[in-house]
Amino acid sequence: MKVVKVEIDTAAPADPEASILIIYTGGTIGMAFDEKAKHLVPFNFNMILDKVPELQQFKYLLTVISLDPPIDSSNVTIPTWVMLARLIEDNYEHYDGFVILHGTDTMAYSASALSYLLENLNKPVIFTGAQVPIGRVRTDARENLITALQIAATKTDGHSLVPEVCIFFHTLLLRGNRGKKVESSHFNAFKSENYPFLAKAGVNIDYYWSYIRPHATGPLKVHYHMDNNVAILKLFPGITKPVVESLLHVPGLKGVVLETFGAGNAPTNPWLIALLQDAINRGIFILNVSQCDEGRVDQGRYETSKYLLNMGVIGGADITSDAAITKMMYVLGLNLEPELTKQVLAMDLRGEITI
């Protein structure tokens with residue numbers, strides 16, 4: 001895949017306040033309406049100051065890297081995440097922060113994945129996007145982009161204010177691996193039900209310091225390996241043995257995110273117990289995640305989850321499904337010993353769960 005690079009000096013400053021790398025992967029935010037063709041086409045970022053003249057009020061040096069061709073977020077894969085991690089690693093020393101423009105459908109997956117791949121991150125990596133293209137009159141793209149850039153550029157005592165992977169969308173700054181897309185037709189598309197937002201943009205941007213991760217003490221360490229031999233098994237009343245059996249016997253399967261009811265409960269059908277136990281005995285890691293948007297898995301609290309705890313299913317606490325499946329890919333990609341893999345899956349790695 002090719003990348004196209006554009007340098008933008010928003011106010012031609014002799015001494016810019018910040019340098020930001022914008023990475024456009026694709027998605028609605030980077031689309032514009034072509035009057036001749038009468039349909040949406042990828043936006044030419046050479047024209048960004050025409051579309052977003054407010055940027056000229058900043059003293060930023062902006063560099064835009066656009067993927068060519070852009071990727072619809074539904075087509076994002078592990079190689080996409082690894083490529084983004086490498087782009088940040090290659091440019092880490094040259095910029096104060098990073099803004100990734102991304103389609104909304106899989107943004108929470110990508111933000112979660114990047115949070116794991118970028119260990120000891122000390123600079124902001126802010127994902128944002130839009131529900132309406134940047135070229136339209138009533139668009140959320142301009143405000144999302146402007147505020148994401150401000151957050152990425154903000155420092156205190158010479159250090160980045162938000163040294164983690166985040167999602168900024170419609171006034172709220174969320175930890176990337178805590179966010180979840182909840183809306184497809186309104187501007188408030190993302191929520192973080194199990195963790196407070198990190199900042200809220202109104203007249204000012206109000207930061208909630210106690211919820212932001214502290215700066216790392218070690219140098220940036222970038223990981224490149226994720227294992228996609230994983231699956232999500234969502235339980236539902238009436239689920240049948242052949243359905244569960246077929247998924248748990250997918251060739252090469254190594255890990256399963258088990259979406260259970262409430263606080264981590266599952267049916268006590270003997271056939272389900274036997275299939276799950278057999279999978280664990282064959283070395284498949286099973287991570288228990290609640291289907292509820294709020295709350296947490298508490299295995300053993302009810303009889304219908306105690307057997308999962310006893311057989312070795314790993315409790316996912318309050319992790320989202322998006323963060324859980326990408327965490328499974330990341331941890332399996334580390335190629336650790338089985339017992340250590342279980343421990344790491346249950347640990348809080350990047351603020352994705354509350355222990």
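Every number here is computed from the coordinates shown, using simple stated rules; none is lab data. Worth saying up front: this structure is predicted, and the values here are computed from it rather than measured. No Cβ is skipped: glycine too gets one built from the backbone with ideal geometry, and neighbour counts run over all protein chains shown.
Some notes on this structure:
- Ranked His225, His170, criterion: other C-beta atoms within 10 Å, fewest first: His225, His170
- Ordering Phe236, Phe285, Phe98 by the number of other Cβ atoms within 10 Å of each residue's own Cβ, fewest first, gives Phe236, Phe285, Phe98.
- From the C-alpha gyration tensor of segment 227-295, square roots of 5λ in Å: 19, 15, 10
- Which of Ile146, Asn91, Phe168, positive extreme of dipole for the chain (C-beta unit charges): Phe168
- Among Thr77, Thr260, Thr28, residue whose mean-square fluctuation peaks in a GNM of the chain (springs only between Cα atoms under 10 Å): Thr77
- Taken about its Cα centre, the chain carries a charge dipole of roughly 500 debye when the Cβ of each Lys and Arg holds +1 and the Cβ of each Asp and Glu holds -1.
- Packing around the peptides 189-199, 288-298, 210-220, 171-181, taken as the average count of other Cβ atoms within 10 Å per residue, puts them in this order, highest first: 171-181, 189-199, 288-298, 210-220.
- Value of Rg/Rh across segment 252-355 [Cα atoms, Kirkwood radius]: 0.94
- Along each principal axis, taking the top coordinate minus the bottom one, the Cα set of segment 95-165 gives 38, 27, 14 Å in descending order.
- Note on segment 113-173 and segment 298-355: Cα centroid distance 28 Å, given to the nearest whole angstrom.
- Among beta bridges identified by DSSP and lying wholly in the chain, the antiparallel ones come to about 45 percent.
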